[in-house]
Amino acid sequence: MTDLAPGLYLVGTPIGNLEDITLRALRVLRGVDRVLCEDTRETAHLLAHYEIQAPMQSCDEHKEHACAADAVARIQAGERLALVTDAGLPGISDPGPRVAAAVAAAGLLVVPVPGANAALTALVGSGLMAERFLFCGFLPSKGGARRTELERLQAMVVAGAEPLLLVFYEAPHRILEMLEDVAGVWAEGCPVVLARELTKLHEEFLRGGAAEVRAQLAARERVRGEMVVLVEARASAKTGDESIAALVERLMKDEGLSEKDALKRAARERGMGKSEVYREWTRRPGRRACGGTCRPGGSAGGA
């Protein structure tokens with residue numbers, strides 16, 4: 001006979017090693033009427049390992065809306081539901097938050113059952129100062145969108161005027177491009193820690209500058225495993241005391257950006273308005289005249 005009240009139990013599951021599960025989580029999984037799973041095959045393996053027999057229901061990201069309505073109805077009828085993802089805590093870059101939100105909005109019981117989490121596991125093992133950090137989850141998969149998001153984060157760091165430890169998740173097939181973009185936004189020597197295969201047999205931490213860590217991975221025949229990447233982002237990591245004019249010129253020369261794009265990038269990196277950056281650019285010594293056709297945020301001759 002279960003002592004659990006009707007409600008939704010958000011259960012943390014192992015991120016690698018099957019022993020990374022709490023006694024409470026096992027008790028809850030044994031006591032619920034149904035387990036909502038990101039992938040029933042993964043959860044079946046976990047339940048079988050601990051000899052837990054419970055009905056399972058698929059609740060991946062594509063079914064979450066329907067699952068949320070169903071969960072509310074079941075709990076209102078007196079059922080006890082556990083929600084799990086393939087690894088870690090539900091809702092942290094995984095399915096779960098819509099179901100929890102729907103159950104809470106209906107005035108029903110939502111109970112978090114703490115457990116392993118890849119971001120925090122990597123953070124405490126990184127060797128970096130972790131008093132203040134920002135969890136960013138997965139970056140966009142497209143290169144341009146990824147770079148734009150990193151530049152947006154750099155603008156936040158600049159605006160805060162102090163370092164910020166950024167925590168990302170990344171897939172192995174995108175990790176080299178991601179580290180290349182990190183080096184481009186913050187500098188090749190920007191401190192990075194990459195955690196791979198956490199709590200598993202081949203757990204690994206790579207520490208060094210962004211370019212150095214990337215080179216280590218690039219030298220391997222194959223890179224496997226989901227990864228957590230920690231970036232020690234600093235406002236002056238790349239530009240230091242570099243003037244706006246010097247920054248724009250460097251972006252145009254080293255990265256081949258047009259004047260328009262270099263001005264926009266400089267504004268994002270420094271957390272400044274485009275007009276302010278444009279004024280600094282036009283005041284530079286020995287500047288070229290543009291015949292009165294230049295506009296803030298635009299190119300010569302543009303509208």
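Only the coordinates and a few stated rules stand behind these numbers; no lab work does. Note that the structure is a prediction, hence the values are computed from the model and not measured. Counting neighbours? That spans all protein chains shown, and the Cβs are built from the backbone with ideal geometry, glycine included.
What to note about this one:
- Global form of the chain, assessed from the alpha-carbon gyration tensor, a/c cut-off 1.5: prolate
- Listed peptides 17-23, 161-167 by packing density, highest first (mean Cβ within 10 Å): 161-167, 17-23
- Annotation: amide H-H contacts under 5 Å for G7 (H modelled 1.01 Å from N, sequence separation of 5 or more, or interchain): R80, L81.
- Cα lying deepest toward the dipole's positive end in the chain, options A267, G144, A171, charges on Cβ: A267
- Considering only alpha-carbon pairs that sit under 8 angstrom and 6 or more positions apart, the relative contact order computed for region 119-233 is 32 percent.
- Stretchable slack from R132 to E203, in nm (0.36 nm times residue separation minus alpha-carbon distance): 23.1 nm
- A simple packing score, the average count of other Cβ atoms within 10 Å per residue, orders the peptides 200-208, 76-84 as 76-84, 200-208, with the highest score first.
- Under 30 Å of direct C-alpha separation, and excluding same-chain neighbours fewer than eight residues apart, K274 reaches these lysines: K142, K238, K253, K260, K264.
- Distance between region 24-71 and region 155-231 - C-alpha centres, whole angstrom: 32
- Judged by the gyration tensor of its Cα atoms, with axes a ≥ b ≥ c, region 7-116 is prolate; a/c meets the 1.5 cut and a/b is the larger of a/b and b/c.
- Expected 222 nm ellipticity per residue - DSSP helices of 4 or more, -39500 (n - 2.57), all of the chain, to 500: -12000 deg cm²/dmol
- Against the chain, whose longest principal axis comes from its Cα atoms, helix 143-160 is set at around 80 degrees.
- Here the dipole of region 119-233 is about 260 debye; that uses its Cα centre as origin and unit charges on the Cβ of Lys and Arg (positive) and Asp and Glu (negative).
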